[in-house]
1. Any idea which residue in the range 66-98 is farthest from L19 (Cα to Cα), counting only those that are touching a Ser or Thr at 6+ places or on another chain (Cβ under 9 Å) and exposed (fewer than 15 other Cβ atoms within 10 Å of the Cβ)?
2. Of the numbered conditions (1) farther than 16 Å from L157 by Cα; (2) open to solvent by 40 Å² or more (accessible area, probe 1.4 Å); (3) assigned to a strand (DSSP E or B), A107 fails exactly one; give the number of that condition.
3. Can you name every one of the helices (runs of 4 or more DSSP H) wholly within the range 15-94 that holds 3 or more residues which are without any contact (Cβ under 8 Å) to a residue 12 or more places away in the chain?
4. What are the residue pairs meeting all of these: first residue in the range 134-155, first residue over 12 Å from F175 (Cβ atoms), second residue in a loop (DSSP other than H, G, I, E, B) and polar (S, T, N, Q), Cβ atoms under 6 Å, and 6 or more apart or on different chains?
5. Evaluate the range 122-131: report whether one residue or more is surrounded by 15 or more Cβ atoms within 10 Å (Cβ to Cβ), without any contact (Cβ under 8 Å) to a residue 40 or more places away in the chain and within 12 Å of Q49 (Cβ to Cβ).
6. Within the range 143-161, which residues are open to solvent by 20 Å² or more (accessible area, probe 1.4 Å) and more than 25 Å from Q83 (Cβ to Cβ)?
7. For the range 20-55, give me each residue that is aliphatic (A, V, I, L, M), modelled with pLDDT of 95 or more and either open to solvent by 30 Å² or more (accessible area, probe 1.4 Å) or closer than 21 Å to A68 by Cβ (or both).
8. With the structure loaded, tell me whether V84 is at pLDDT 90 or above and either among the hydrophobic types (A, V, I, L, M, F, W, C) or within 21 Å of G51 (Cβ to Cβ) (or both) or whether it fails that test.
Amino acid sequence: MTRKVEKVPDAGWVFPGELAGTRVALHPLRAGDRALFESLYGDPRVMAQVGAPLAAARRVRAFDSALADSADAQGSRRLWRIQVVEGGDAGGLLGLSRGDHGMEVGALLLASAQGRGLATDAIAVLARAVFASPGVDRLWARHRTDHPAAAALMRTLGFRPGPLPADGTGWTAWFLDRPAYPG
């Protein structure tokens, strides 16, 4: 089966800013989020389904790049700090990136925040905001093939499995089209 490649959002499309859900509030990445970023990308438990944890120097460079990108609402990507509404603790990061195949969404949660519905709420809030304005017709996500929790998350949100846009042995791709989103 061949999947239609989504038109990349035009340069006028703007990433959403602050967002609020039932369980989480999403805040665009800021300088004060460095420790959260570095703890997520340096934690082998969190990175187990993503890739190798980043070394300290690489985490610093990656954060600086993500912070600069997130400051530009029309840039290539934005990251948000996922803040748990009850208690106010940081739960992780949510990202949205422009690419040749549409907008890719992804989440990294602290081990203590996993299994609590936070990623479900965060991605749902972001999807509603993205689809509320014209310019994006599809979101997509990917995860390691052997990650049943991520597959369950995608199904819960209404994403449908599909072929990866590029060679992705060991990965599963999911797509959420604007008309299919129950929002």
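The values are calculated or read from the model by the stated rules, or taken from the named source; none is laboratory data. Given the structure is predicted, the values throughout are model-derived calculations rather than measurements. With ideal geometry, Cβ positions are generated from the backbone for all residues, glycine too; neighbour counts draw on all protein chains shown. Quick note on the areas: whole protein, heavy atoms, side chains included, nothing else; ligands and nucleic acids left out. Shrake-Rupley method; radii C 1.70, N 1.55, O 1.52, S 1.80 Å.
1. Among them, the one singled out is S76.
2. Single failed check for A107: (1).
3. 56-71
4. Listed by first residue and then by second, the contacts come to R144/Q49; H147/Q49.
5. No, that holds for no residue.
6. Those that are open to solvent by 20 Å² or more (accessible area, probe 1.4 Å) and more than 25 Å from Q83 (Cβ to Cβ): R144, T145, D146, P148, R155, R160, P161.
7. Within the range 20-55, A20, L26, L29, A31, A35, L36, L40, L54, A55 qualify.
8. In short, yes.
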